[in-house]
Amino acid sequence: MQKDIQLTGIGNALVDIEFEVNDAEISALNFNKGSMTLVDAETQLKILETLGDRTHYKCSGGSAANTIIAFSSFGGKSAYKTMLGKDEFGEFYSSEFRYLGIILDAAYTDLAPTGTCFVLISTDAERTMVTSLGATAMHSKIHINDEIIKRSEWIYIEGYKLTDPIGVEVVRHSIDIAKKYDTKIAVTFSDKFIVDVFRKDLDYVVENSDLIFCNEVEAMAYTNSSTRDEAIKNLFAMNKSIAMTLGSEGSIIKWEGETFSIPAYTAKAIDTTGAGDMFAGGFFYGITHFNDPLKAGHLASLASSRVVSQLGARLKESHTDLKYRILNEVK
């Protein structure tokens with residue numbers, strides 16, 4: 001069967017609602033700055049009461065969803081598997097995906113609201129995420145059929161799906177289908193706490209993946225390394241392709257046995273939300289369309305530098321301009 005979808009995401013569906021805050025407000029809310037915390041809908045309502053009527057930014061998201069949206073915006077053919085509530089946020093989410101031309105393979109429920117993520121953005125551009133999964137926590141393997149994965153060149157799994165048994169079943173079932181149809185598998189660690197708390201399930205996904213995305217903190221935790229260099233050595237010893245971000249020092253890529261050092265592009269950080277997601281979207285586009293890991297790494301680095309220079313995980317400038325810049329400059 002022809003693979004007419006280049007990338008399918010398996011992840012949570014969350015409507016991101018972003019607020020600009022200061023450190024004192026984060027402390028008063030009893031959250032650790034820079035963390036991702038799972039809460040119930042009641043806790044989110046209390047946060048809304050505390051923040052008042054200040055201006056906020058809203059968009060459809062979730063980690064893997066952000067990557068799929070970026071990939072599609074560059075011109076890739078993509079799909080997304082997830083679950084939504086039968087509510088206003090669910091309609092908002094699905095309408096955005098229709099507008100973006102992404103195949104949304106979503107189940108719907110009236111038993112829970114669409115998931116939401118409050119993104120609290122500090123003055124130093126750090127983001128603290130407070131997430132209520134809602135309907136997306138009910139996304140089970142019965143909602144995963146073969147067809148979309150069968151048509152896909154790649155599936156991309158977010159580590160956040162490993163935080164509950166239902167999500168683990170979705171991931172394992174998706175891997176089984178991918179292997180059945182020779183669909184390549186990629187995973188993002190998503191967050192250090194996924195490595196720390198859900199290591200056993202993450203190990204299974206890593207063992208079955210062709211490509212791993214992570215940052216240096218996650219890599220150090222996963223390899224039990226005390227330094228970045230040690231983490232790179234240990235992670236790159238695996239028989240996998242790796243895309244590892246190094247913050248302001250760029251990234252390092254291992255692709256089919258070769259290693260590529262990718263520089264960072266200059267940016268004045270305003271909001272780091274979605275930087276890793278954008279990196280993955282740019283890299284996937286470069287690999288599937290340029291067939292060149294060096295150009296893919298540069299596109300990923302450039303795009304992620306641009307997204308942290310603005311508010312929100314959705315890149316506002318022309319994706320086309322960025323990809324042609326890389327094609328012209330990187331030889």
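The values are calculated or read from the model by the stated rules, or taken from the named source; none is laboratory data. Computed from a predicted structure; not experimentally measured. When we count neighbours, we look across all protein chains shown, and the Cβ atoms used for this are built from the backbone with ideal geometry, even at glycine.
Among the candidates Ile26, Ile103, which residue alone is surrounded by 14 or more Cβ atoms within 10 Å (Cβ to Cβ) and closer than 23 Å to Asn145 by Cβ?
Numbers: Ile26 fails: closer than 23 Å to Asn145 by Cβ.
The conditions single out Ile103.
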Practice task
List the number of the failed condition for Ser78; all other conditions in (1) at pLDDT below 95; (2) under 18 Å from Glu158 (Cα atoms); (3) among the hydroxyl-bearing types (Ser, Thr, Tyr) hold.
Solution key: (1)
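Looking at the stretch 254-270, is at least one residue part of a strand (DSSP E or B), of a type in the set (Val, Ile, Thr) and closer than 17 Å to Ile157 by Cβ? Walk me through how you get there before you give the answer.
Looking only at the stretch 254-270, we keep the residues that are part of a strand (DSSP E or B), and these are 254-255, 258-262.
Right, trim to of a type in the set (Val, Ile, Thr) and you get 259, 262.
After this cut, where a residue has to be closer than 17 Å to Ile157 by Cβ as well, the list is none.
No, there is no match, as no residue in the stretch 254-270 is part of a strand (DSSP E or B), of a type in the set (Val, Ile, Thr) and closer than 17 Å to Ile157 by Cβ.
For Ile242, are the conditions met, namely being outside any helix (DSSP H, G or I), in contact (Cβ under 8 Å) with a residue 40 or more places away in the chain and over 21 Å from Glu126 (Cα atoms)? Talk me through it step by step, then tell me what you get.
Values: outside any helix (DSSP H, G or I): yes; in contact (Cβ under 8 Å) with a residue 40 or more places away in the chain: no; over 21 Å from Glu126 (Cα atoms): yes.
Judged against the criteria, Ile242 is not a match.
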Problem - Members of the stretch 88-114 that are within 19 Å of the chain's Cα centre (by Cα) and without any contact (Cβ under 8 Å) to a residue 24 or more places away in the chain - result: Ser94
Problem - Any pair with Cβ under 8 angstrom, 6 or more apart, that starts in the stretch 178-202 at a residue that is closer than 16 Å to Ile10 by Cα and ends at one that is outside any helix (DSSP H, G or I) and small (Gly, Ala, Ser) - result: Ala178/Ser152; Thr183/Ser152; Ile185/Ser209; Ala186/Ser209; Val187/Ser209
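Listed here are the residues, each with its yes/no results for (1) surrounded by fewer than 18 Cβ atoms within 10 Å (Cβ to Cβ); (2) at positive phi; (3) not small (Gly, Ala, Ser).
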{"position": "Ile68", "(1), (2), (3)": "no, no, yes"}
{"position": "Ser72", "(1), (2), (3)": "no, no, no"}
{"position": "Gly75", "(1), (2), (3)": "yes, yes, no"}
{"position": "Lys81", "(1), (2), (3)": "no, no, yes"}
{"position": "Gly85", "(1), (2), (3)": "no, no, no"}
{"position": "Phe89", "(1), (2), (3)": "no, no, yes"}
{"position": "Tyr93", "(1), (2), (3)": "no, no, yes"}
{"position": "Ala112", "(1), (2), (3)": "no, no, no"}
{"position": "Ile121", "(1), (2), (3)": "no, no, yes"}
Exercise for the section: Please indicate, with yes or no, whether at least one residue in the stretch 43-55 is in contact (Cβ under 8 Å) with a residue 60 or more places away in the chain and within 29 Å of Lys3 (Cα to Cα). Expected result: no
Practice task
Specify which of the listed residues (Val217, Val197, Val205, Val168) is among the hydrophobic types (A, V, I, L, M, F, W, C), farther than 25 Å from Leu322 by Cα and buried (at least 22 other Cβ atoms within 10 Å of the Cβ).
Solution key: Val205
Completion exercise
Among helices (runs of 4 or more DSSP H) entirely within the stretch 274-331, at least 1 residues that are closer than 18 Å to Gly247 by Cα and within 16 Å of the chain's Cα centre (by Cα) occur in 275-285, 293-307
Handout entry: Number of the condition not met by Ile177 [criteria: (1) more than 20 Å from the chain's Cα centre (by Cα); (2) buried (at least 16 other Cβ atoms within 10 Å of the Cβ); (3) among the hydrophobic types (A, V, I, L, M, F, W, C); (4) more than 25 Å from His143 (Cα to Cα)]
Key = (4)
Problem - Answer residue from the stretch 235-279, given it is out of contact with any strand residue (DSSP E or B) (no Cβ under 9 Å at 6 or more places or on another chain) and of a type in the set (D, E, K, R) and is surrounded by the fewest Cβ atoms within 10 Å (Cβ to Cβ) among those - result: Lys268
Problem - Close pairs from the stretch 151-175: first farther than 14 Å from Gly9 by Cβ, partner in a strand (DSSP E or B) and modelled with pLDDT under 95, Cβ under 9 Å, at least 6 apart - result: Thr163/Leu38
Practice task
Report the residue count in the stretch 297-331 for those that are among the hydroxyl-bearing types (Ser, Thr, Tyr) and free of Cβ contacts under 8 Å to residues at least 40 places away in the same chain.
Solution key: 2
